[in-house]
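None of the figures in this text is laboratory data; all of them are computed from the coordinates on show. The structure presented is a predicted model; accordingly, all values stated were derived computationally and were not measured. Cβ: placed from backbone, ideal geometry, glycine included. Neighbour counts: every protein chain shown.
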Amino acid sequence: MKINGTPYRSVWVDPEDGWSVRIFDQTRLPWAVEILRLANWEEAARAIKTMQVRGAPLIGAVAAYGVALAMRADPGSLDRVLPALNATRPTAINLRWALDRQRARLHNLPIEARAAAAYEEAAAIADDDAETCRRIGENGLPLLAEIAARKGKVNVLTHCNAGWLATVDWGTALAPIYMAHDAGHDVHVWVDETRPRNQGAALTAFELGAHGVKHTVIADNAGGHLMQHGEVDLCIVGTDRVTRQGDVANKIGTYLKALAARDNGVPFWVALPHSTLDWRVRDGVAEIPIEERGEAEVTELTGRTADGRIETVRVVAEGSAAANPAFDVTPARLVTGLITERGRCEASEAGLRDLYPELAG
Ligand code: MRU
């Protein structure tokens, strides 16, 4: 995807030195486009923990590069680094998936072969994600194209950021939207602001704007009203973990959108790559660990002042406590279907087995 006409991925190896890792500092977007250099695994871990990089597939890819940085510095550190990287964020299963891939690739290799293999594996994970997301776009496109052909336009609602900034390229939920736009359909996106961290207002709006896709940012509470008035043709969201029975963990507030969609007969689709499937877990509400983040994300807001300064202000009454669960689980029964790189399916064990028969074994 492009920023000011220049194509980027959201993580890459510096072509100058051939080993350090580059990311966008997503805590600075949309006010400043700043590229950060990660020179060791601790910096990669910090970038994930502080959400300089975020979004389930991107977290996995950056963690994989974190392993590569660690192997370059000390190939004997594998058993220490894997759990440390895995502990950076609890909900997105892509993190464990990427680290498991690195473990499988590296643990039997002689020490001196580990660094090169770890870089190779991280690159394969990144390439796989970019191609997977492109296919998700292709498989989601007909949903939008059908509505656009019937109505002349299509209104999509999305929550959080599941675009190219959350993956290596293309995005999951946004990939079909980019493809519909590029195919000439009249697409408009309702962008939930996604409090408390505003990934919708800051990142999804930034991405869609950069790509020229029509969009309108709405308060998180507006979606139900818009659905009641026929302003939403379909919802598409990304996810951090999908269970064996098709339950979906995603950014806090997703569940409420799914409830409103069900009440209003609006299709509610979830886009995911294979790396987001967690076959070990069945009941998402009971079993998926939900990240609890700090109070300050709720009590404070960050933005840019008219004279260009980035400032954080308190918006909650002094002395009030705040709670900050970062994700929720939408039960499979509220999900119209899943959009994957292998096609679309019902959000159920049977639906997933059809597309991923190898998981059944
Ligand atoms: O806390 P974040 O910003 O990492 O949460 C991101 C989301 O919830 C995304 O919707 C999800 O990771 C899917 S990204 C393709």
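Observations, loosely collected:
- Distance between the 7 Å Cα→Cβ label points at ALA73 and ASN4: 3.1 nm.
- Between 0 and 90°, nearest 10: helix 94-106 axis offset from the chain longest Cα axis: 30
- A DSSP coil position with no more than 12 other Cβ atoms inside 10 Å describes the following GluC sites (Glu not before Pro) in the stretch 254-337: GLU318.
- Peptides 106-116, 246-256, ordered by how many other C-beta atoms sit within 10 Å of their residues on average, highest first, read 246-256, 106-116.
- In this calculation the C-beta distance from ASP182 to ASP127 is compared with R0 = 22 Å, giving a FRET efficiency of 0.55.
- Amide H within-cut-off set for HIS215, under 5 Å, with H built and near neighbours excluded: VAL189
- Comparing LEU338, LEU143, LEU203 in a Gaussian network model of the chain where C-alpha atoms under 10 Å apart are linked, the largest mean-square fluctuation is found at LEU143.
- Tilt relative to the chain, helix 56-73 - C-alpha long axis, 0 to 90 degrees, to 10: 10
- Candidates TRP31, TRP41, TRP269: whichever shows maximal mean-square fluctuation once the chain is modelled as a Gaussian network with Cα springs under 10 Å: TRP31
- Gain on full stretching of the segment that runs from GLU311 to VAL285 - 0.36 nm per residue minus C-alpha separation: 5.7 nm
- Projected label distance in nm at ASP14 and GLU138, using a 7 Å step from Cα toward the beta-carbon: 3.6
- Net charge contributed by nearby residues that have their C-beta within less than 14 Å of PRO142 (K/R +1, D/E -1): 0
- Among TYR178, TYR8, TYR65, TYR119, a tally of other beta-carbon atoms within 10 Å of each Cβ gives an order, fewest to most, of TYR8, TYR119, TYR178, TYR65.
- Principal semi-axes in Å for the stretch 245-302 [√(5λ), Cα gyration tensor, largest first]: 23, 19, 11
- The chain: relative contact order as a whole-number percent, Cα under 8 Å and 6+ apart: 15
- Beta bridges per DSSP with both ends in the chain, % antiparallel, nearest 5: 55
- Between PHE327 and ILE252, GLU291, the built amide H atoms are under 5 Å apart, and every one of these is 5 or more places off in sequence or on another chain.
- Computing FRET efficiency as 1/(1 + (r/R0)^6) for VAL33 and GLU358, where r is the C-beta to C-beta distance and R0 is 45 Å, gives about 0.65.
- Rounded to the nearest 10 degrees, the angle from helix 114-151 to the longest Cα principal axis of the chain is 10 degrees.
- D_trans [Stokes-Einstein, Kirkwood Rh over alpha-carbon pairs] for the chain, 10 °C, 1.306 mPa s, µm² s⁻¹: 77
- Whole-Å distance, taken between Cα centres, linking the stretch 46-110 and the stretch 240-306: 22
- Selected from PRO15, PRO273, PRO83 as most flexible by GNM, with the chain as the system and alpha-carbon contacts under 10 Å: PRO15
- Helix-only CD estimate at 222 nm, as mean residue ellipticity for the chain, using -39500 (n - 2.57) per DSSP H run (n ≥ 4): -11500 deg cm²/dmol
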